[in-house]
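The values are calculated or read from the model by the stated rules, or taken from the named source; none is laboratory data. Computed from a prediction, not measured in an experiment: that's the story for all the values here. Note: accessible area is taken over every heavy atom of the protein model, side chains too, but ligands, DNA and RNA are not part of it. Shrake-Rupley method; radii C 1.70, N 1.55, O 1.52, S 1.80 Å.
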Amino acid sequence: KEKIAMEKLLSQGGWGPSVPAGKLEPGDTGNDVIALRNRLIAMGYLERSNAVGYDVSLTDAVRQFQEAHGLNTDGVAGPATMKQINIGVEQRLQSVMVALERERWFNTDRGKRHILVNIPDFSAKIIDDGKTTFQTRPRRPPHARIFGCDGAYGCEPKLVCAALDHRWGIPAAAQAEP
């Protein structure tokens, strides 16, 4: 569904021009704020209005965008947020297509209990007997590296250890005896 929607959006010109500013925050005004507002309207995070300043509705839209993209949800359009806002439809569509291809190649039985990480969706789920028993929106620090077996070359994928941020916890239902 997402692929079809993005292809249609791309054929209609995408989300419009990128936002030239490096950082915008509540209280700011000017052409860069208008460009940010227009981009978020085109992306579906904000309703059309005549406002020209970085107001409460724009702050809320930026927070929604940040949440959807796994960013810090402070409502400030800083460098990391601007980088994600300025990614074009072409690149987003490419990410969707890679995810679809990955699913096609690795569409194997994952067992009764497994962890499903959806990178484009910024979500992770624990699946027990086909039912989601836990869901979260993980955030990977930019310096982190992901190591492990992806099931290729006869390697059996099995989560043995996970490094968690000090603010994360594991729900009791997801814990297993060693």
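Overview of values
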quantity	calculated
Ser18 accessible area, 1.4 Å probe, all protein chains in place, Å² to nearest 10	70
Flagged links, alpha-carbon separation over 30 Å, of Lys8/Lys112; Lys1/Lys125; Lys1/Lys83; Lys83/Lys131; Lys3/Lys125	Lys8/Lys112; Lys83/Lys131
Kirkwood Rh, angstrom, segment 2-48 [1 / mean 1/r, Cα pairs]	11.8
Alpha-carbon centroid distance for the pair segment 78-129 / segment 16-71, whole angstrom	25
Of every Cα-Cα pair in segment 15-117, the percent that sits beyond 16 Å	61
